[in-house]
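The block underneath contains the structure these notes are about, expressed in structure tokens.
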Amino acid sequence: MRFNFVTLFPNIVKGYFTDSILGRAVEQNLINLHFYNPRDYSKNRHLKVDDAKVGGGAGMLMAIQPIADTIKDIKAKDSKSKIIFLTPVGKPFKQIDAKRLAKEESVTFVCGRYEGFDERLIEEYADELFSIGDYVLTGGELGAMIMCDAISRNVPNVLGNSDSLIEESFENSLLEAPSFTKPNFYEKKAVISEFLKGNHSKIASIKRCLALSKTKYFRPDIYSKVKASHEK
Ligand code: ADE
């Protein structure tokens, strides 16, 4: 799968994809990352990429021309790429989006800086707008990295064991049940004794109960949705 990043700071993003699971996915060509810096497309003689807001207002915006030309270039090279703008006014990014987008051939993340984008860029080019949470960051790069990580895990063969995708949190709308490693006792704390007995249907039923309790405690918002869907 191909990921294009439109960013003034490609080095922030590149570092994240050099190690661990995603570093291996890049090496094995399971995911391909391409970087486009709007500064390279600026027609301003000082290569400016920001501009003041028309009508006044605090701060600067990303100028329209460098980003528009960057996206046009990407579309010319990679016409099927889904263009995603990272912005705090986007819809909240969810696991279901990660799974859906992992089926795309290519995704382009457009990362804002300053006070955001000229709205016409969004109207003209955005297929979707995403936020990674209700807080304002200094730029879209972290959001793009988070989205790219969550999507990449759902690309076939990126995770060594694809079973991890089945049981993990947010599947079936519940948080994942608690898990343990060896030793069975650690500083006077024991793992759940039933987990040691090898009765897999019993273990599954305990895990389901624990997943329900954990969801109810930590994420009452998710729990009420699960409850409502069972009551239908
Ligand atoms: N850019 C700035 N804040 C952001 C957020 N919360 N999500 C996505 N992109 C952003």
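Throughout, read-outs are computed from the coordinates displayed, never taken from laboratory work. All values derive from a computational prediction rather than experimental measurement. Glycine gets a Cβ as well: all are built from the backbone with ideal geometry, and neighbour counts include every protein chain shown.
Give the percent of DSSP beta bridges with both residues in the chain that are antiparallel, rounded to the nearest 5.
Numbers: 5 of 26 bridges.
Within the chain, antiparallel bridges account for around 20 percent of the total.
Give me the number: length gained by fully extending K202 to Y186, i.e. 0.36 nm times residue separation minus the C-alpha to C-alpha distance, one decimal in nm.
Between K202 and Y186, full extension yields 3.4 nm more.
Once each part is reduced to its C-alpha centroid, what is the distance from segment 22-64 to segment 145-194 in angstrom?
Using only Cα atoms to place each centre, the spacing works out to 35 Å.
Based on other C-beta atoms within 10 Å, arrange C148, C111 from fewest to most. Could you put the intermediate results ahead of the total?
Working: C148 23, C111 28.
Neighbour counts put them in this order, fewest first: C148, C111.
Could you calculate the contour length gain from T138 to E105, that is, 0.36 nm times the residue separation minus the distance between their Cα atoms, to one decimal place in nm?
9.0 nm
To make sure I understand, if each residue's beta carbon is the centre and we count other beta carbons within 10 Å, what order do S162, S20, S42 fall in, fewest to most?
Lowest count first: S20, S162, S42.
Nearest 0.05, what FRET efficiency do R39 and V89 give at R0 = 35 Å with Cβ-Cβ as r?
Working: r = 24 Å, r/R0 = 0.70.
Efficiency, rounded to the nearest 0.05: 0.90.
Set the Förster radius R0 to 30 Å, insert the Cβ-Cβ distance between T18 and K225 as r into 1/(1 + (r/R0)^6), and round the FRET efficiency to 0.05.
The value I calculate is 0.20.
Mind checking the angle between helix 220-231 and the chain's longest principal axis? C-alpha axes, 0 to 90 degrees, to the nearest 10.
Between the helix axis and the principal axis of the chain, the angle is about 60 degrees.
State, to one decimal in nm, how far the label point of R2 lies from the label point of S213, with both points 7 Å from Cα in the Cβ direction.
Each label point lies 7 Å from its Cα, and together they span 5.0 nm.
Below 8 Å, C-alpha to C-alpha, sequence gap of six or more: please give me the relative contact order for segment 2-152 in percent.
Across segment 2-152, relative contact order equals 29 percent.
Using the 10 angstrom Cβ neighbour count as an exposure proxy, how do R45, R120, R208, R219 rank, fewest first?
In order of increasing Cβ crowding within 10 Å: R45, R120, R208, R219.
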